[in-house]
Amino acid sequence: ASTGVAAFVVRMATTEKLNISNGGDVTLKGDLLIDNSSGVSILQLNDSTNNALHEFGTPGNGDLRITVDKNDAGSGQEFQLYMRGNNNDDLAFHIDHDKNVMIGASSWQYKKPLNVQGGSGSIISIYNGDITSYSANTNASIEFKLKTSSSTDDNAACEIRGFKENGTTSNTDRGLSFYTGVNGAGPGERLRITSFGDVYATNSTYNSFDT
């Protein structure tokens, strides 16, 4: 910074729109539009201390692309999203260099492709918000999809479903069901836990699921 040097200011109709301080900080009073007729608009951020070049923009195909550390494929740097501040407690979301995703915590406990961490109690909520149907077996489910051969089209899945037991509006009886599948067929229900806590399997004498 140059001591005593005034800031460079751009005004339009006496209203300040751009300010460059004597330390080099730039303040823009308004929106910033980056428009490139070639279809590629990239904002580059260079961290000279760590020799890291980050990019934010569109590669020209309509996507929004954020590239972390374009210079070094072997670095350990992360993409991080902070809420409210920049302390560890404010770190809400990050992706490490191995493409593992962390949500809800500032430090990794046990790395997996998706890590959702929180305190005691419900951490993940899967919600079926459809307000047009209250029929029995309306559900919110988790699908476990498997690759079953080298073919790109060979996939199979299992499911766990939380379901409504009846078709009565405002009746909150609900249960939990487990779906598996045999070769050549889609998932079928194999196990059900009712709202009363009864447990039935489809290959048992209680395969009607009556409670």
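If the requirement is being out of contact with any strand residue (DSSP E or B) (no Cβ under 9 Å at 6 or more places or on another chain), over 30 Å from Thr172 (Cβ atoms) and modelled with pLDDT of 85 or more, which of these qualifies: Asp89, Asp31, Asp25? Give the derivation first.
Values: Asp89 fails: modelled with pLDDT of 85 or more; Asp25 fails: out of contact with any strand residue (DSSP E or B) (no Cβ under 9 Å at 6 or more places or on another chain).
Result of the check over Asp89, Asp31, Asp25: Asp31.
Can you go through Ser135, Ser151 and tell me which one is small (Gly, Ala, Ser) and free of Cβ contacts under 8 Å to residues at least 24 places away in the same chain?
Ser151
Hand me the list of strands (runs of 3 or more DSSP E) wholly inside the stretch 113-211 holding 2 or more residues that are out of contact with any Phe, Trp or Tyr (no Cβ under 6 Å at 6 or more places or on another chain), charged (D, E, K, R) and under 30 Å from Ile95 (Cβ atoms).
The qualifying strands (runs of 3 or more DSSP E) are 139-147.
Do you know which residues across the stretch 87-104 are more than 21 Å from Ile66 (Cβ to Cβ) and either in contact (Cβ under 8 Å) with a residue 12 or more places away in the chain or touching a Cys at 6+ places or on another chain (Cβ under 6 Å) (or both)?
Within the stretch 87-104, Asn88, Asp89 qualify.
Quick one: would you say Gly184 is open to solvent by less than 60 Å² (accessible area, probe 1.4 Å) and free of Cβ contacts under 8 Å to residues at least 40 places away in the same chain?
no
Somewhere in the stretch 113-134, is a residue under 30 Å from Glu78 (Cα atoms) and surrounded by 15 or more Cβ atoms within 10 Å (Cβ to Cβ)?
yes
The values are calculated or read from the model by the stated rules, or taken from the named source; none is laboratory data. Remember, predicted model here, so these are calculated numbers, not experimental data. FYI the Cβ positions are ideal-geometry reconstructions off the backbone, even for glycines, and counts take in every protein chain you see. For accessibility, only protein heavy atoms count, side chains too; no ligands or nucleic acids. Shrake-Rupley method; radii C 1.70, N 1.55, O 1.52, S 1.80 Å.
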